[in-house]
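Trainee: So that we are looking at the same thing, I have put the structure below in structure tokens.
What follows draws every value from the coordinates through simple rules; no lab data is involved. This structure is a prediction, so every number in the text was calculated from the model and none was measured. Quick reminder, even Gly has a Cβ in these numbers, built from the backbone with ideal geometry, and neighbours come from all protein chains shown.
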Amino acid sequence: MINATWSYRLISVCCCILCCSTGFAQDEGGQWWIKSNPFGLFAGQFQSSYERAVSDKVTVQLTGGVVRSNLDLNTDDLESLLSINTSLNAVDWIGFLAMPEARVYLSPEVGKGFYLGAFARVRCIKRTMTTNFVGVQRRTAVGAGAVIGGQFKISEHVRGDLFLGPQIKSTTTTLNEHFVYAEEEFLPGIRFGMNFAWTP
């Protein structure tokens, strides 16, 4: 069951890992970056990443995030748009995602230039649809993939991170007693995006 408690637990675990890893990186003189994706805010997805160099060519990265969004619907407008009678008036999303990743940099400097990466990803969402009854849908996606990307210097402490690559995921959707089916899918896709990174 996915609820707000799981999201808070994920954030707590990620924060602990971040704090411990940051302290270790500082003690050993390692390089590390804290990242965020501001564009995800528009989709109600709040996520951040921590990347740390483990050698002169290889880094590991951990991404964690919370999905939180609410859409209030005007029933009259919805009926006009869909040409159907409906009493659906709100949809609420809440969930989390977690993604570990390993990267090999092709450039002389780790954390800068082109890289190849491999990742695993899990995303769990609970969607509540309010109508003349409350319908609950739970969707879990587990996947993996690879990316080619580039991390470039914007300023002394800020870098950009662009990436693109194939991914595949298995999704399972279950619904409560107001619905009569559940489904499983195995889907290929493309992962792409941009993060902004800060380093001391």
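Trainee: Kindly write out, for the stretch 91-97 in residue order, the coupling ³J(HN,Hα) from the Karplus curve 6.51 cos²θ - 1.76 cosθ + 1.60 (θ = phi - 60°), rounded to whole Hz, with x marking Gly and Pro.
Mentor: After applying 6.51 cos²θ - 1.76 cosθ + 1.60, I find 10, 10, 10, 8, x, 8, 9 Hz.
Trainee: Provide the FRET efficiency to the nearest 0.05 for the I190-N70 pair, computing r from the beta carbons and using R0 = 22 Å.
Mentor: 0.20
Trainee: Could you grab the relative contact order for the stretch 98-157? Cα pairs under 8 Å, six or more apart, rounded to a whole percent.
Mentor: Details: 103 pairs, mean separation 20.3, N = 60.
Relative CO of the stretch 98-157 lands at 34 percent.
Trainee: Determine the distance separating the Cα centre of the stretch 142-167 from the Cα centre of the stretch 103-124; give it in Å without decimals.
Mentor: The distance from the Cα centre of the stretch 142-167 to that of the stretch 103-124 comes to 7 Å.
Trainee: Calculate the spin-label point distance for A90 paired with S36, positioning each point 7 Å from the Cα along the beta-carbon direction, and give it in nanometres.
Mentor: That separation, rounded to one decimal, is 2.8 nm.
Trainee: Ok, one more. Lysines near K126 by alpha-carbon distance under 29 Å, same-chain residues fewer than 8 away left out - which ones?
Mentor: Candidates past the 8-residue exclusion: K35, K169.
Trainee: Modelled label-to-label distance, V60 and A102, 7 Å Cα→beta-carbon offset: nm?
Mentor: If labels sit at V60 and A102, their model points lie 0.9 nm apart.
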